[in-house]
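The values are calculated or read from the model by the stated rules, or taken from the named source; none is laboratory data. Please read these numbers as outputs of a predicted model, since none were measured by experiment. Please note: Cβ atoms are built from the backbone with ideal geometry, for glycine as well, and neighbour counts cover all protein chains shown. Areas reflect the complete protein model, heavy atoms only, side chains present, ligands, DNA and RNA absent. Shrake-Rupley method; radii C 1.70, N 1.55, O 1.52, S 1.80 Å.
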Amino acid sequence: QVQLVESGGGLVQPGGSLRLSCTASGSTFGIYPMGWYRQAPGEQRDLVARITSGTSTNYADSVKGRFTISRDNAKNTVYLQMNTLKPEDTAVYYCKLEARLRDYWGQGTQVTVSS
């Protein structure tokens, strides 16, 4: 059973930065693609960024050039560096691990961008 634990959310002013972390249990973390998703109140959960086991990445258009996803397989951790944050980035952010038979989700971490 895989468990994912996110951290790093919080309140930040527009233009500020945050780094989210997601740490996974299990010894085969490095072979699976990982993703960050977000969900604002009343909205669907959308992909923000994704990284493959080979470290290829893709991003939602709304975050390109501002957010960077990376992974440290030695620490079983995937990161989301978020710069130049905007109020519309406010949401609960979730990480997802795409295992062979199913996906695993973290519990989410709140990011609020407000002055």
Here the residues of the range 71-90 lying in the modelled label zone of Thr112, meaning backbone nitrogen under 12 Å from a point 7 Å along Cα-to-Cβ, are 90
Debye, to nearest 20: dipole size of the range 1-99, +1 on Lys, Arg Cβ, -1 on Asp, Glu Cβ: 180
For Ala60 and Glu43 in one chain, what is 0.36 nm times their gap in residues minus the Cα-Cα distance, to one decimal in nm? 4.6 nm
Whole-Å distance linking the alpha carbon centroid of the range 84-115 with that of the range 5-39 is 7
Evaluate the relative contact order of the chain (contact order divided by residue number), counting alpha-carbon pairs under 8 angstrom at least 6 apart; express in whole percent. 36
Of Tyr104, Thr57, Gly26, which is farthest on the positive side of the dipole of the range 19-115, counting Cα position, with +1 on Lys and Arg Cβ, -1 on Asp and Glu Cβ, and the Cα centre as origin? Gly26
Ignoring ligands, DNA and RNA, what accessible area per residue does the chain give at 1.4 Å, in Å²? 52
For the range 40-115, listing GluC sites (Glu not before Pro) in a DSSP loop whose Cβ sees at most 10 other Cβ atoms within 10 Å gives Glu43
